[in-house]
Amino acid sequence: MKTKLIVLMPALVGLLFGASQLLAPTPTSSYIVQGSNLEDIRSLVTEQGGTITHELGVISAVAADLTAGQLASIRDDSDVKRIYGNTSVETAGKPVKDNPASDGDESTGTDETTDMAGSGYTEFPALVEADRLHDKGIDGWGVTIAIVDSGLYSGPGITQDRYGKDRVTAVYDATIDYEYVEGGKGKSAIDFAELDIDDNGHGSHVAGVASSGKLSDIGKYNGIAPAARLVAVKVFDSQGRGSYADVIRGIDWLVANRNNHDIDIINMSLSATPRSHYWDDPLNQAVMALWDAGLVVVASAGNTGPDPMTIGVPGNVPYVITVGAMSDDVTPEEQHDDYLASFSAAGPTFEGFVKPDLIAPGGHLRGVMNAKGRIAKQHPHWHDRGKYFTMSGTSQSAAVATGVVALMLGENPA
């Protein structure tokens, strides 16, 4: 009897293992499937059993989780124009590293200051002479900036403009496809008293650099266009990471709602590695739809410099304003020591376009950030333990340029 049991056990184990293999889910990957129109592509993916996660009407595509077999079946269909992997995207600004050395380069970890609590930052509004325009009443009033990033937090300088008026007119979270509605009591702007959607901090910092309405400690406005209105489109998680599908869904919402919220400028302080010609890239196609809709798009060059041909997506689109980063060596009064930050990505693009289009301050910029955000928690010595955080990157330089565009449009809409 014992002999028979020993013989049967391997067979039983094999049978159970085979059953578990049959029950295990077939692995899937995320793809962006593009066709001639959204409806046909949506029907095709559904018929093949794919799980649609995003509808991306702006490029006539869907993002879907597909098995290898489903992918093969869909690829052969005549309605399909392109299939792309759902590539990752990251923010283009980070804290200066924790072991400082010499020049404010956030990629190489350099800065002469070891504690940013109140010192070692650039007064960038004065560097670009925006402070002189503020004194003349040129402050971005009547212009709306959309920040495509990690969201906003409900702190001073973000939710109110230089005049103390609520100015965040719309918030859309593309990561969960949810739009926050206006906040009652006759308000024309969202009441952020109980709303914090920036668990990373990058989006708040970018928004603050472009348009903080709060007075800084030295009596100057911390942002370039302190009276501009803000729209927040959240596409990044607490790690500062997102996907093509999330960013494109955010852009899709912007194209559809640009007139509802009088949006003028799109700030995209983000970057991804180019994987094709700029016109073939699905994120770039969505960005070009923004431009075609009459919106000004300002994009970061990326932090992958200083080698040539390192401009990221969507900065490699010829129709957008692509911004690289310079540093004033924390001496705004002295121009002889200004230099191009070594982390700033350089052109030309693969197609031969000269990029970036311009450079702007991007080293040691002090901007608004919630101390509870992930970046501030990870790098507390760059936070002043109040409301400001010091950060470098082409994200910050793009935000400066975005603020300057708002000043220009506020003074002359033509």
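Here are the numbers:
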item	result
Solvent-accessible heavy-atom area per residue, rounded to whole Å², over region 274-414 at 1.4 Å	39 Å²
Amide proton proximity set for His54, modelled H, under 5 Å, gap of 5+	Ala63
Protein accessible area in region 126-169, 1.4 Å probe - carbon and sulfur %	47 percent
Efficiency of FRET from Cβ geometry, Asp177 and Glu351, R₀ 30 Å, rounded to 0.05	0.35
Cut-off 14 Å (backbone N to label point 7 Å along Cα→Cβ of Trp279), residues of region 343-366	351-353
Paramagnetic reach from Met309 in region 340-355 [backbone N under 11 Å; point 7 Å along Cα→Cβ]	348-352
Spread of Cα-to-Cα distances over 5 Å intervals beginning at zero, given as percent, for region 212-329	2, 10, 18, 21, 19, 14, 9, 5, 1, 0
Burial order of peptide ranges 375-383, 240-248 (average beta-carbon count within 10 Å, highest first)	240-248, 375-383
Sequence ranges 338-346, 38-46, ranked by mean other-Cβ count within 10 angstrom, highest first	338-346, 38-46
Rounded to the nearest 10 Å², the accessible area of Thr28 at probe 1.4 Å	80 Å²
Extension reserve of the Asp131-Ser29 stretch, reckoned as 0.36 nm per residue once the Cα distance is removed	31.8 nm
Distance between modelled label sites at Arg241 and Asp262, nm, 7 Å Cα→Cβ extension	4.0 nm
Solvent-accessible area, 1.4 Å probe, carbon plus sulfur percent, for region 292-331	53 percent
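The values are calculated or read from the model by the stated rules, or taken from the named source; none is laboratory data. Note that the structure is a prediction, hence the values are computed from the model and not measured. Ideal geometry is used to build each Cβ from the backbone, glycine not excepted, and the neighbour counts take in all protein chains shown. Please note that ligands, DNA and RNA were not included when accessible areas were found on the heavy atoms of the full protein model with its side chains. Shrake-Rupley method; radii C 1.70, N 1.55, O 1.52, S 1.80 Å.
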